[in-house]
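Written out below as structure tokens is the structure these notes cover.
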2 protein chains.
Amino acid sequence: MTTHYPATIGVLIKNLSKLPGIGEKTAERLSIYMLQAPLKEMENLAESILDVKEKVRLCSVCFGLSDGEVCKICNNPGRDQNVICLVEQPADLVAIEKSGAFKGLYHVLHGVLSPMEGIGPEHIRIKELEARILEGRINEVVIATGTNVEGEATACYMAELLGKYSIKIMRIASGVPIGGDLKYVDQVTLRKAMECRHAF
Amino acid sequence: MTTHYPATIGVLIKNLSKLPGIGEKTAERLSIYMLQAPLKEMENLAESILDVKEKVRLCSVCFGLSDGEVCKICNNPGRDQNVICLVEQPADLVAIEKSGAFKGLYHVLHGVLSPMEGIGPEHIRIKELEARILEGRINEVVIATGTNVEGEATACYMAELLGKYSIKIMRIASGVPIGGDLKYVDQVTLRKAMECRHAF
């Protein structure tokens, strides 16, 4: 399909098609747009792609994404320095930030325990979390790993492991999603919602 | 939304969102992918974006897209040098090339006549087409402008203008699309298909 274009455009189409969710048709459309877009706009785009590769790294404290040695959240004295929310991936951290429901610090595990795939406690950032707890300021950890089998297993493991420290160990609630119609909610979630029912 | 990311990622999300058909959600997903993709792959992508801006220009003969002074099609001695297919835009040329149904040369007008928008014959590449015809090798022009009002008007204008040269002036056929169900075809197309009926 790319052979009907000059080679330079063919290369761009091929490179764009490698991106997730971008098929050859979309890549073609994007290439034609890029060809006609202002030069400055495309220079900015190319530069920002390279910038992300060069500058973004993991925060040395929480292992979230950061432009510098320590991320904006860890550096923010306005955040509650006594609570850590434990998540699997940087994207989970962003999702919670968007909700605006949490004002403490984070810790990103960068994975979940998965014996099937040979991922044990030593492969994810558990030691680093314990080191933070040992510093003595943390008095609560909210475990916000996923609610699938591996996320739950990791949550259980973490709850047991952290039991030896005198801190509160919490788990985010599971239940019926807000705005959902009960008849479309799966049975496992409904059972969970019923188990965790609370006074009105 | 981008404020929950390090600034570098925020800039990339903003730049990606400017592309057509890429919303902020998709831009976010692409940015995270780019962050984790191999450095070489992203360098290639950035380079190919800049390459397209730098190297692609219009063929000096047909005004199609080209890597060099003259495009691959104009440079190909295997193409029928006596027939020119007249199209509105480079994308139309590519569409016809993909069909494999045409083995001659092209001429890209880069627009259609549109009195409403102040686009007259002097604003599109008509003079350049006449210059090519005056060279004497062309004996047929196939007008393949669109079948909307402006495309048809441009086709009529071109047919009349080129009437003074002793060459065949043709128009691509209109009718029922192949694979279509008659009941879903609009009335204008059906009327055209009926008018242009031919012996079986």
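Quick look at the numbers
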{"item": "Residue check, B:PHE102 in contact with an Asp or Glu (Cβ under 8 Å, 6 or more places away or on another chain), within 30 Å of B:GLY120 (Cβ to Cβ) and either of a type outside the set (S, T, N, Q) or part of a strand (DSSP E or B) (or both)", "result": "no"}
{"item": "Flag if B:GLU54 is more than 7 Å from chain A (Cβ to nearest Cβ), over 19 Å from the mean Cα position of the chain (by Cα), crowded, with 19+ Cβ neighbours inside 10 Å and of a type in the set (Asp, Glu)", "result": "no"}
{"item": "Boolean, B:GLU130 is open to solvent by 10 Å² or more (accessible area, probe 1.4 Å), in the same structural domain as B:TYR157 (by TED's automatic domain parsing) and free of Cβ contacts under 8 Å to residues at least 40 places away in the same chain", "result": "yes"}
{"item": "Residue in segment B:173-180 that is open to solvent by less than 70 Å² (accessible area, probe 1.4 Å) and within 29 Å of B:CYS74 (Cβ to Cβ) present", "result": "yes"}
{"item": "Of all residues making up segment A:29-51, the number that are more than 26 Å from the chain's Cα centre (by Cα) and open to solvent by less than 20 Å² (accessible area, probe 1.4 Å)", "result": "5"}
{"item": "Given (1) in a helix (DSSP H, G or I); (2) open to solvent by less than 20 Å² (accessible area, probe 1.4 Å); (3) more than 11 Å from chain B (Cβ to nearest Cβ), number of the condition A:MET116 does not satisfy", "result": "(2)"}
{"item": "Where a residue in segment B:176-200 is under 14 Å from B:THR147 (Cα atoms) and its partner, wherever it lies, is small (Gly, Ala, Ser), with Cβ under 6 Å and at least six apart", "result": "B:VAL176/B:ALA193; B:LYS192/B:SER174; B:ALA193/B:GLY175"}
{"item": "Residue match in segment B:138-151 (condition: modelled with pLDDT under 90, surrounded by 14 or more Cβ atoms within 10 Å (Cβ to Cβ) and in a loop (DSSP other than H, G, I, E, B))", "result": "yes"}
{"item": "Lone qualifier among B:ALA7, B:ALA91 - being under 19 Å from A:MET34 (Cα atoms), facing chain A (nearest Cβ under 8 Å) and at pLDDT below 95", "result": "B:ALA91"}
{"item": "Filter pass, A:VAL108 being modelled with pLDDT of 95 or more and either facing chain B (nearest Cβ under 10 Å) or open to solvent by 40 Å² or more (accessible area, probe 1.4 Å) (or both)", "result": "no"}
{"item": "Among residues of segment A:1-27, those that are touching a Phe, Trp or Tyr at 6+ places or on another chain (Cβ under 8 Å) and crowded, with 16+ Cβ neighbours inside 10 Å, counted", "result": "2"}
{"item": "Meets criteria (touching a Lys or Arg at 6+ places or on another chain (Cβ under 8 Å), within 11 Å of chain A (Cβ to nearest Cβ) and farther than 24 Å from B:THR145 by Cα) for B:PRO20", "result": "yes"}
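Residue-by-condition table, conditions (1) among the small types (Gly, Ala, Ser); (2) modelled with pLDDT under 95:
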position	(1), (2)
B:MET1	no, yes
B:LYS14	no, no
B:LEU35	no, yes
B:GLU43	no, no
B:GLU47	no, no
B:SER60	yes, no
B:LYS98	no, yes
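The values are calculated or read from the model by the stated rules, or taken from the named source; none is laboratory data. Since we're looking at a predicted model, the values are computed, not measured. Glycine also receives a Cβ, built like all others from the backbone with ideal geometry; neighbour counts cover every protein chain displayed. Calculation scope for accessible area: heavy atoms of the full protein, side chains included, ligands and nucleic acids excluded. Shrake-Rupley method; radii C 1.70, N 1.55, O 1.52, S 1.80 Å.
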